[in-house]
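**Q** My questions will all concern the structure given below.
Please treat every number below as a calculation from the coordinates, not as lab data. Note that this is a predicted model, so its numbers are computed, not measured. Neighbour counts run over all protein chains shown; Cβ positions are idealised from the backbone, glycine included.
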Amino acid sequence: MDSPALLLLNKPFRVLTQFTSEDGKATLRDFVHAPGMRPAGRLDYDSEGLVLLTDSGPLQTKLADPRWKQEKTYFAQVEGDIDEDALAQLRRGVKLNDGMTLPAGAERMDEPEWLWSREPPIRFRKAIPTNWLKLTIREGRNRQVRRMTAAVNLPTLRLIRWSVGPWTLAGLAPGESRAVEPAEIQSFLKSLYRPASSRASRR
């Protein structure tokens, strides 16, 4: 049996995470030729960053379904000062209109040195500072990160998905993609069936 294919794409701002559009919006088709491949999970039109594409239904499920608990890390530029209380709330879980979130990894961070400019740029307000937050979640609710930061009074101005599972944006400019080596995919699949204690010891 052939190994499943996996493609990493840095989705630009204002691009749909699908291959067709009925209203003229940009889609994945504008950046990658990937017949037979589908996104493993979604990324909002107004968010940027890592999208995984695969031709394998089982692999798609293992990457996107919350039951497999793949960590997804986001870098969020938020409006306001990030205090310890906000971080503590995010780490405990926050109440959204569709229920409590699971505890998240949350910490302040500096603006990434490799960050590309965005067109159009975010709107700054002179009286309110902006800061960067690193947030790691294991769920996939609609616009979850934006809703979580809003719940702790830190509205998200710009959102970049840095990683999904073991894969990151490293080395990919907006619109660029790369194929994952079959051995890398097989290593990931094998890791899913190791005991949890074994997986934790490797981190």
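**Q** Quote the FRET efficiency, to the nearest 0.05, computed for Trp116 versus Thr27 with a Förster distance R0 of 22 Å and r equal to the Cβ-Cβ distance.
**A** Efficiency computed from Cβ-Cβ geometry: 0.65.
**Q** In a Gaussian network model over the chain where Cα atoms closer than 10 Å are linked, find which of Trp167, Trp68, Trp132 has the largest mean-square fluctuation.
**A** Trp68
**Q** Can you work out the Karplus-derived ³J(HN,Hα) for every residue in segment 154-168? Use 6.51 cos²θ - 1.76 cosθ + 1.60 with θ = phi - 60°, whole Hz, and x for glycine or proline.
**A** Here the 3J(HN,Hα) series is 10, x, 7, 9, 8, 9, 10, 7, 8, 8, 9, x, x, 9, 10 Hz.
**Q** Of the chymotrypsin sites (Phe, Trp or Tyr not before Pro) in segment 1-50, which ones lie in a loop per DSSP and count no more than 10 other C-beta atoms within 10 Å?
**A** Sites meeting the loop and neighbour criteria: none at all.
**Q** Only four residue types carry charge here, +1 at the Cβ of Lys and Arg and -1 at the Cβ of Asp and Glu. Report the dipole size of segment 71-163 about the Cα centre in Debye, rounded to the nearest 20.
**A** Computed about the Cα centre, the dipole is about 420 debye.
**Q** Which aspartates and glutamates have a Cα less than 15 Å from the Cα of Lys126, not counting those fewer than 8 places away in the same chain?
**A** Answer for Lys126, where 15 Å is the Cα cut-off: Glu79, Asp81, listed by chain and number.
**Q** Just to be sure I follow the definition: excluding the sites themselves, where is the longest run in the chain that has none of the GluC sites (Glu not before Pro) in a DSSP loop with at most 16 other Cβ atoms within 10 Å?
**A** It works out to 23-70.
**Q** Same structure, new question: Given that just one value was derived from the coordinates, which of [x] 17.3, 59; [y] 15.9, 49; [z] 19.6, 68 is Rg and Dmax of the Cα atoms in Å?
**A** [x]
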